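Student: Would you mind keeping the following structure in view while I ask a few things?
The values are calculated or read from the model by the stated rules, or taken from the named source; none is laboratory data. Not measured: the values here are computed from a predicted model. Here the Cβ positions follow ideal geometry from the backbone for every residue, glycine too, while neighbour counts run over all protein chains shown. In case anyone asks, the SASA skips ligands and DNA or RNA and just uses the protein heavy atoms, side chains included. Shrake-Rupley method; radii C 1.70, N 1.55, O 1.52, S 1.80 Å.
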Amino acid sequence: MQSEILKELDLKHIWHPCTQMKDHENLPLIPIKRAKGMWLYDFKGKAYMDCVSSWWVNLFGHCNETIAGAIKKQVDELEHVILAGFSHEPIIKLSARLCQKVGRGFTKCFYADNGSSAIEVALKMSFHYHFNQGKKKNKFLSLSNSYHGETLGALSVGGVGLYKDTYKALLLECLSVSVPKNKDYQKELQELKSILTKHGKEICAFILEPLVQCAGNMHMYEVGFINEAIKLCHEFGVHVIFDEIAVGFGRTGSLFALHQCQQSPDFICLSKGITGGFMPLSVVLTKDAIYQSFYAPYKEQKAFLHSHSYTGNALACAAANAVLDIFEQDNVLEKNQILSQFIKEEFAKLKKFDFLANFRTCGMISAFDILSVKYERVGLFVFEKALEKALLLRPLGNTIYFMPPYIITKEQISYVVESLEQIFKEF
Ligand SMILES: *Cc1c(COP(=O)(O)O)cnc(C)c1O
């Protein structure tokens, strides 16, 4: 089909995510025909460099041959089977590998098919654990500026008003503690301590995105705060849930952000990069002590009866195993260290523009903020200008971030920075 006809049909029938559809009266919609590596190609053959890893899911480039090959092989053997009472080889291998790689006493994997669902699982599991212990806890604690997804439970523990405010009347009542703004986090720790002192008996779990609040404008904060916060929570009998949906699988420099923390949480949620951007899949990892509190004769009604139709899909698990193969074979984390340093140095060239500020990098995430108020929607302005330079960027408000697949080359990084320089010269 012709590109123009496709666009027309699309706008006739598709309601796009996270989009004011009226924007498309002016903003071009871009149907993509095919993709390879860093590049997306539209129907006219125009290329766009995917600088946002297609919403942070893509780790090793589009149509990666290892992952595609694993899915192709799996699709002729077993595409999917009900995971209640049945199992399959890809999920068994994946679960053993994830537990081994996460370490720290994480021995159990519970699967779902998207990030928000993993958050729901972790929240319900934490609540249910306390319930099984005879404790009537019913509140959750989260950080200000946090993002955990869009389903009602996940939205309840979120802190970004843009996504949340409209639905306030529907949401769980939650507690929030300020995320540290800079290196000194004593004030926030005190705040946490007083919340726990006052409400610790009601709180099931404290949920946080370790190291980087991605949807919260790529806010990076101190690991020291996380360590102290975990200690405090555990003193008060409150679980800690790590939402590593965005930061897991190497994004922050280590395979999991957990590995940069001295203290360990009780639950870890993974999704996004888990299949390298090929298939929907998510998982919650937890420890024996939690699992054992559900393990009882059926009539005691302690079982965790949560389920999704596509739980543990075999194609998705095959893709996830291929992702782990690549991590094992290609020295990804070592190579990323060099790339991360290079990205930091290149982006520093943009510091000469006095309306750009707060340059920050954590592993394969880099961001800065635009202070200029010259344009009403400055992010959108940069998005459109970047498209003209064959770059897919998707700013978060006034924050420009760079979160590319790990296969990006130094030349490509320099091209991105040169293009941004040209864009900002026109400001
Ligand atoms: C994307 C994201 C989610 C939600 O995942 P979905 O698959 O979009 O539902 C939750 N937490 C974090 C930190 C995320 O970045």
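Student: Output the residues belonging to the range 253-267 that are open to solvent by 10 Å² or more (accessible area, probe 1.4 Å) and over 14 Å from the mean Cα position of the chain (by Cα).
Tutor: Within the range 253-267, the first condition is being open to solvent by 10 Å² or more (accessible area, probe 1.4 Å), and the residues that meet it are 253-255, 259-260, 262-264, 266.
Gly253, Ser254, His259, Gln260, Gln262, Gln263, Ser264, Asp266, listed by residue number.
Student: Is it true that Ala246 is within 15 Å of the ligand (Cβ to nearest atom), in contact with an Asp or Glu (Cβ under 6 Å, 6 or more places away or on another chain) and either modelled with pLDDT of 95 or more or basic (Lys, Arg) (or both)? I'd like the intermediate steps shown before the answer.
Tutor: Numbers: within 15 Å of the ligand (Cβ to nearest atom): yes; in contact with an Asp or Glu (Cβ under 6 Å, 6 or more places away or on another chain): no; either modelled with pLDDT of 95 or more or basic (Lys, Arg) (or both): yes.
Criteria not met by Ala246.
Student: Which residue out of Leu324, Leu285 is modelled with pLDDT of 95 or more, in contact with a strand residue (DSSP E or B) (Cβ under 7 Å, 6 or more places away or on another chain) and among the hydrophobic types (A, V, I, L, M, F, W, C)? I'd like the intermediate steps shown before the answer.
Tutor: Numbers: Leu324 fails: in contact with a strand residue (DSSP E or B) (Cβ under 7 Å, 6 or more places away or on another chain).
Criteria check complete, one pass: Leu285.
Student: Something else now. With within 29 Å of Leu192 (Cα to Cα), under 26 Å from the mean Cα position of the chain (by Cα) and either open to solvent by 60 Å² or more (accessible area, probe 1.4 Å) or aliphatic (A, V, I, L, M) (or both) as the only criterion, which of Ala70, Ala118 stands out? Before the answer, list the steps.
Tutor: Values: Ala70 fails: within 29 Å of Leu192 (Cα to Cα).
Unique residue meeting the criteria: Ala118.
Student: Output the qualifying pairs, or none if there are none: Cβ atoms under 8 angstrom, residues six or more apart or on different chains, first residue in the range 273-288 and more than 17 Å from Phe327 (Cβ to Cβ) and within 12 Å of the ligand (Cβ to nearest atom), second residue among the aromatic types (Phe, Trp, Tyr) and assigned to a loop (DSSP other than H, G, I, E, B).
Tutor: Pairs found: Pro280/Tyr310.
Student: Counting just the residues of the range 310-332 that are in a loop (DSSP other than H, G, I, E, B) and free of Cβ contacts under 8 Å to residues at least 12 places away in the same chain, which one comes out farthest from Ile82 (Cα to Cα)? First the steps, then the outcome.
Tutor: First, pick out the residues of the range 310-332 that are in a loop (DSSP other than H, G, I, E, B): 310-313, 330-331.
Cutting the leftovers down to free of Cβ contacts under 8 Å to residues at least 12 places away in the same chain gives us 330-331.
Values: Asp330: 33, Asn331: 35 Å.
Restricting to residues being in a loop (DSSP other than H, G, I, E, B) and free of Cβ contacts under 8 Å to residues at least 12 places away in the same chain, the top hit is Asn331.
Student: Which residue, of Gly159, Gly200, is among the small types (Gly, Ala, Ser) and either under 21 Å from Ile290 (Cβ atoms) or without any contact (Cβ under 8 Å) to a residue 12 or more places away in the chain (or both)? Show your work before the answer.
Tutor: On the way: Gly159 fails: either under 21 Å from Ile290 (Cβ atoms) or without any contact (Cβ under 8 Å) to a residue 12 or more places away in the chain (or both).
Going through Gly159, Gly200 in turn, just one is among the small types (Gly, Ala, Ser) and either under 21 Å from Ile290 (Cβ atoms) or without any contact (Cβ under 8 Å) to a residue 12 or more places away in the chain (or both): Gly200.
Student: Tell me, yes or no, whether the range 287-309 has at least one residue that is assigned to a helix (DSSP H, G or I) and under 17 Å from Ser53 (Cα atoms). Steps first, answer last, please.
Tutor: If we filter the range 287-309 for residues that are assigned to a helix (DSSP H, G or I), which is where we start, we get 288-292, 298-300.
Adding the requirement that they be under 17 Å from Ser53 (Cα atoms) leaves none.
Scanning the range 287-309, I find no residue that is assigned to a helix (DSSP H, G or I) and under 17 Å from Ser53 (Cα atoms), so the answer is no.
Student: Is it true that some residue in the range 290-300 is closer than 13 Å to Thr107 by Cβ and crowded, with 17+ Cβ neighbours inside 10 Å?
Tutor: yes
Student: Scan the range 362-394 residue by residue and report those that are without any contact (Cβ under 8 Å) to a residue 40 or more places away in the chain, in contact with a helix residue (DSSP H, G or I) (Cβ under 7 Å, 6 or more places away or on another chain), open to solvent by 10 Å² or more (accessible area, probe 1.4 Å) and more than 14 Å from Val416 (Cα to Cα).
Tutor: Tyr375
Student: Could we say that Phe304 is touching a helix residue (DSSP H, G or I) at 6+ places or on another chain (Cβ under 8 Å), over 23 Å from Leu339 (Cα atoms) and away from the ligand (no atom under 16 Å from the Cβ) here? Even if it seems obvious, please write down each step before you answer.
Tutor: Working: touching a helix residue (DSSP H, G or I) at 6+ places or on another chain (Cβ under 8 Å): yes; over 23 Å from Leu339 (Cα atoms): yes; away from the ligand (no atom under 16 Å from the Cβ): yes.
For Phe304, the condition - touching a helix residue (DSSP H, G or I) at 6+ places or on another chain (Cβ under 8 Å), over 23 Å from Leu339 (Cα atoms) and away from the ligand (no atom under 16 Å from the Cβ) - is met.
Student: Among the helices (runs of 4 or more DSSP H) lying completely within the range 32-132, list those that include at least 3 residues that are modelled with pLDDT of 95 or more, within 16 Å of the ligand (Cβ to nearest atom) and out of contact with any Cys (no Cβ under 6 Å at 6 or more places or on another chain).
Tutor: Numbers: elements: 53-56, 65-75, 89-102, 115-132.
Result: 53-56, 115-132.
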